[in-house]
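Notes to accompany the following structure.
Since every read-out is calculated from the coordinates, none of them should be taken as a lab result. Quantities reported herein were computed from a predicted structural model and do not represent experimental measurements. A quick note on method: Cβ atoms are made from the backbone with ideal geometry, for glycine too, and the neighbour counts reach across all protein chains shown.
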2 protein chains.
Amino acid sequence: MGRAFINHGALHLNSQQTIRLAVIDDDSGFMTVLGKRTDTAGWQKRVLSSAIPPEELVAMKLHALLLNPAVLGDEAWDYLERVCRMLPDLGVIVCTGSSTVAQRVRALRIGVDDWITKPCHPEEAMARIEAVSRRRRRSHPNVEVGPLMAGEMEIRADRFQAFVNGGSLDLTRREFELLQLLAESRGQVLERETIYQRVWGYAMAHGDRSVDVFIRKLRQKLERRSPGWGYIHTHFGVGYRFDPEPVTDTTLHGPEAHMPGDGTGASLEDQELHVST
Amino acid sequence: MGRAFINHGALHLNSQQTIRLAVIDDDSGFMTVLGKRTDTAGWQKRVLSSAIPPEELVAMKLHALLLNPAVLGDEAWDYLERVCRMLPDLGVIVCTGSSTVAQRVRALRIGVDDWITKPCHPEEAMARIEAVSRRRRRSHPNVEVGPLMAGEMEIRADRFQAFVNGGSLDLTRREFELLQLLAESRGQVLERETIYQRVWGYAMAHGDRSVDVFIRKLRQKLERRSPGWGYIHTHFGVGYRFDPEPVTDTTLHGPEAHMPGDGTGASLEDQELHVST
DNA sequence: TGACCTGTGAAAATCCTGTGAACGCAGGGG
DNA sequence: CCCCTGCGTTCACAGGATTTTCACAGGTCA
């Protein structure tokens, strides 16, 4: 179940992009400081103490790679060249102590995107990594994340639409964004304020019922195309939770048909107060 | 039509190494040395002694801009910001004497791609400019020359034209580029901003309706030559999607005429949000 | 039961897209 | 050098689609 990550708050006008970065360096001091900052920024970072085959880098789906050639010794140039050739879309930043113009030029010509000289402020290192990743993303705007499956439904970001065995739900933009947010946070209870903030992009006015209204619209469309499944659950006094589950037709008001939760919701599982329709 | 031009802005760059660069600096010494090298490398360089409006930069179809903020004085930040916002695809490199980490970070976050500190070797400056431009060019690795088929239409990049059984659609340059972009992204919903950015080469001004107007022109020409097919679909509040499909003349308001898709896009082919006519 | 919440339906307010036409510019002829 | 023509931009409007807002009804909790 590897979902969860990816651009969470990237619903729309978000400049903050979470970056997947790998670092090959052994400078523990620098690593510590940098690590602190990247964590704060919410980046996904992986520290490696030695070169790993480019093939594995591919599997990591990185945005950028920061490496200190000193760690690799003689193979550094060869390694750099192979990485740049195999992963033209990966942002490669070299970070080293001293260096000559010739070395820097050579690296840049090989395909390296930036060369930072230590000592350097971690903030600048991050800004440069961001800059490189930004450019990289701009070139390939359509390497979209695969469709997201939920119950009988398939959510396709590239079409701004959700489908149930081939049939579109005909969601409007807002409806889609709301659904996407919910689905990305599957299992989590989201408060109205949070939802509004992330889908609408600004703070919710007191007493605004928009979220409720859109939840209703979603439920209607979902119900029509995929009856037999419950997707959006209401948590009284709190908010909503997305969790696709086949409708256990317990007409009896019984004490909840305790579905095996996926765990993400942990202790909230039993708070199930009422399930839509 | 005497087009036969070269690479316009965004679509299809030839993979020549020649770089179109503009420099805003008044350091004659550096300019001279750099100029010599760029000439040798065959770059097209334009030296400006002061800021020029971003609109004119657009017209220059640059790959990169190297500028010394000292020349602009107080307006430097504002200018940088405007340029980066308006030309997201332009490589922007700042080259200055002394600077602080804070300044560099600010610039990089604004959208600047690299910050070089003088004194610097012109060779390194060039290598960095290349590195920045390289990312940009990689955008459209579209090397395929073969004609692109879509419905009854044949799109020939080599002719800057589209045909329907032999007859040309008489597309103008912009129309063709728009059509090509759409067709290359067949099945995907493209937002207006994206379209504008990629076809026009710079950021769309708020409220610009050019994309809509060109979509209309395309639809008209397509309709005239190939009635019976729907090519461009509107996604309300989002953008447009190209997906050729025979017109299912369901005049009946019936509950969806579930056409089995033509197959190109797997099982989701049918289902329109709104189909323009 | 009373105070709150949430689900609904529908009206009202906004926003978005399709269009037709006017403008301005640049190139080609005359 | 001036006029004509093709193209790309901008505008303003009309018809719809989508969002918000409201007033209520029905549930939930203490």
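General observations
- A:L181 being away from chain B (no Cβ under 14 Å), crowded, with 17+ Cβ neighbours inside 10 Å, touching a strand residue (DSSP E or B) at 6+ places or on another chain (Cβ under 8 Å) and not small (G, A, S): yes
- Unique residue being in contact (Cβ under 8 Å) with a residue 12 or more places away in the chain, over 29 Å from B:T234 (Cα atoms) and away from DNA strand C (no atom under 14 Å from the Cβ) when the list is A:Q188, A:Q161, A:Q180: A:Q188
- Within the stretch B:45-69, considering residues that are among the hydrophobic types (A, V, I, L, M, F, W, C) and in contact (Cβ under 8 Å) with a residue 40 or more places away in the chain, the one surrounded by the fewest Cβ atoms within 10 Å (Cβ to Cβ): B:M60
- Top-ranked residue in the stretch A:201-220 [being more than 10 Å from DNA strand C (Cβ to nearest atom) and without any contact (Cβ under 8 Å) to a residue 12 or more places away in the chain; ranked as surrounded by the most Cβ atoms within 10 Å (Cβ to Cβ)]: A:A203
- Evaluated against (1) more than 30 Å from A:S185 (Cβ to Cβ); (2) more than 7 Å from chain B (Cβ to nearest Cβ), A:A162 falls short on exactly one condition, (1).
- The stretch A:104-116, residues that are within 10 Å of chain B (Cβ to nearest Cβ) and not small (G, A, S): A:R104, A:V105, A:R106, A:L108, A:R109, A:I110, A:V112, A:D113, A:D114, A:W115
- Inclusion of A:L218 among residues that are under 24 Å from A:G146 (Cα atoms) and within 14 Å of DNA strand D (Cβ to nearest atom) is warranted.
- Candidates A:A41, A:A107, filtered to the one that is in contact with a Phe, Trp or Tyr (Cβ under 8 Å, 6 or more places away or on another chain) and either in contact (Cβ under 8 Å) with a residue 24 or more places away in the chain or of a type in the set (D, E, K, R) (or both): A:A107
- Looking only at residues in the stretch A:73-85 that are within 14 Å of chain B (Cβ to nearest Cβ) and surrounded by 15 or more Cβ atoms within 10 Å (Cβ to Cβ), the one that is farthest from A:R137 (Cα to Cα) is A:L80.
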